[in-house]
Amino acid sequence: MADTRGRSAPIAEKLADLIGQQIADGVYRPGDKLPSLRELAQLHRYAKNTVVSAFDLLVSRGIVEPRRGSGFYVLGSGRGAQRTDEDAGQLGRAMDIVWLMREQLKTQPDCVGVGDGFPPVEWLADMRLDRYHQKVVRTGLGSLFRYGSRYGYAPLRDSLVRKLGDFGLQATPGQLVLTHGANEAMDLVIRYFVPPGATVLVDEPGYYPLFGKLRLAGAHVVGVPRLADGPDVAALESLLAQHRPRLFFTQSLAHNPTGSDISAAKAYKVLQLAERHNLLIVEDDPLADFKPTSAVRLSTLDQLERTIYIGSFSKSFSAALRVGFIACNDALASDLADLKALIHVSGSEYCERMVDVMLREGHYERHLVRLRHKLGQATAQALGWLDAHGCEVFARSPQSLYLWVAFPGVQDSLRLAEQLVPRKLSMAPGRVFHVDPSAVSRWSRCNVSAMLDPRFQAAMGQVLAHPA
């Protein structure tokens with residue numbers, strides 16, 4: 001029998017499945033009102049009839065009920081059974097890793113990305129990519145049609161040697177492997193070092209995509225509590241004795257999500273523990289360009305003896321330029337380059353040439369000065385607003401792309417995030433950044449630039465004045 005529901009039926013079924021999954025996972029609870037037909041149509045860019053068909057399917061499944069003149073409401077827990085993080089292949093947890101990654105990748109002009117992990121586009125606009133295209137083509141027309149070196153574009157590695165030298169980190173081109181951004185760099189390290197069942201230490205709260213990568217590799221992920229001046233050294237020492245892990249992933253500067261920086265005293269203690277317990281530290285530094293070159297880094301103090309340094313240009317140039325790099329000892333760099341060749345054959349030489357041209361241009365230094373100035377101004381203004389509204393701030397760096405904030409009267413930042421969705425505000429609730437994402441957190445990661453948006457300040461002011 002022909003399908004009489006029209007061409008929108010498969011899309012409607014997918015939308016119904018998505019909403020049903022959210023209900024089963026607790027994003028919407030019994031009695032909750034679902035977003036309106038218009039809101040869902042705009043959000044997913046579907047025709048209104050498609051959304052109507054999806055709601056009809058949900059009603060037929062006994063998941064929601066229509067209420068005349070009011071909308072659609074959740075009847076029960078949908079498919080019901082509570083699922084754990086260990087359930088193989090299950091990605092649908094409320095506000096989970098994949099959910100937040102999807103949110104970060106969305107482009108919604110009418111939505112304020114308070115939880116966004118990137119600087120505003122206008123801050124990066126002066127590094128216009130079109131101005132460098134012709135130079136890239138002229139310098140590498142022949143090689144752009146071939147695979148590049150397994151290590152990556154040699155002139156860029158030379159440029160990175162000089163850049164790292166400004167931090168006080170001495171490296172040679174043979175110690176550098178270029179990657180498709182920092183996330184591929186982490187993937188390579190995980191593939192090389194982490195067998196299924198291995199225990200790996202991470203910052204907690206910490207970088208949520210890393211947690212997903214480690215779980216995908218079958219690792220046992222253990223969080224090291226993050227304090228305002230770096231990892232909790234006492235907890236780290238205890239975990240090292242208990243689990244004897246090989247790796248510890250951490251961010252010394254502009255820590256995601258707390259915005260905190262490691263102190264010199266804390267950095268020396270961490271390195272002492274690493275030597276004592278044969279620990280290898282993977283230091284991710286995605287916001288290096290936002291920080292002074294004199295800032296404390298574990299890799300600078302250690303000079304890549306027990307550290308692996310990961311960097312990228314997504315935050316300071318463009319997320320579309322998927323260029324990152326790994327700095328480590330020579331032997332490991334060779335092995336990681338081989339692993340990269342096995343998985344990806346080579347990097348993107350066009351993007352690597354583009355970044356090299358941008359680094360060599362005198363405009364780069366001026367760009368960094370402006371970038372740091374804008375970030376300092378935005379951080380100061382955001383802190384002023386938060387203080388005026390009685391908010392608690394975890395760490396107070398003078399230059400931080402995001403702040404870890406506890407709003408007064410808010411005990412569960414997930415509920416706050418849900419409350420602000422209809423107001424076109426996208427938050428990043430704290431539980432997403434924890435090893436156990438079901439743990440209730442009162443903290444939220446807040447982008448300092450987004451907090452200056454009048455729409456956020458007006459909506460948040462109303463929420464704080466009339467808490468639910």
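The values are calculated or read from the model by the stated rules, or taken from the named source; none is laboratory data. Just so it is clear, the model here is predicted, and its values are computed rather than measured. Every residue, glycine as well, gets a Cβ built from its backbone with ideal geometry; the counts of neighbours run over all protein chains shown. In case anyone asks, the SASA skips ligands and DNA or RNA and just uses the protein heavy atoms, side chains included. Shrake-Rupley method; radii C 1.70, N 1.55, O 1.52, S 1.80 Å.
Tabulated results
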read-out	value
Equivalent ellipsoid dimensions for the chain as semi-axes, Å, which come from the Cα gyration tensor, largest first	39, 26, 24
Theoretical gain in end-to-end length, Asp110 to Gln462 [0.36 nm per residue, Cα-Cα removed]	124.8 nm
Between the stretch 14-72 and the stretch 314-376, the Cα center-to-center distance that results, in Å	43 Å
Rough spin-label spacing in nm, given labels placed 7 Å along Cα→Cβ, for His363 and Lys424	3.2 nm
Student exercise, the stretch 11-74 dipole from Lys, Arg, Asp, Glu Cβ charges, in Debye to nearest 20	220 debye
Listed residues Ser149, Ser346 arranged by accessible area, highest first, probe 1.4 Å	Ser149, Ser346
Ranking by accessible area, most exposed first, for Cys111, Cys391 with a 1.4 Å probe	Cys111, Cys391
Gyration tensor (alpha-carbon) shape descriptor, the stretch 357-409, a/c threshold 1.5	prolate
Solvent exposure, largest accessible area first (probe 1.4 Å, DNA, RNA and ligands not counted), of His243, His344	His344, His243
Rounded Å value of the spacing that divides the Cα centres of the stretch 200-246 and the stretch 399-422	24 Å
Solvent-accessible heavy-atom area per residue, rounded to whole Å², over the stretch 423-468 at 1.4 Å	40 Å²
Which of Phe456, Leu386, Tyr192, positive extreme of dipole for the chain (C-beta unit charges)	Phe456
DSSP beta bridges in the chain [antiparallel fraction, %, rounded to 5]	55 percent
Computed magnitude of the charge dipole of the stretch 129-362 (debye, nearest 20; Cβ of K, R +1, Cβ of D, E -1)	420 debye
Accessible area expressed per residue, the stretch 129-362, with surrounding protein chains retained (probe 1.4 Å, Å²)	38 Å²
DSSP-defined beta bridges in the stretch 274-342 - what % are antiparallel, rounded to 5	50 percent
Portion, in percent, of the accessible area of the stretch 129-362 that falls on carbon or sulfur, probe 1.4 Å	53 percent
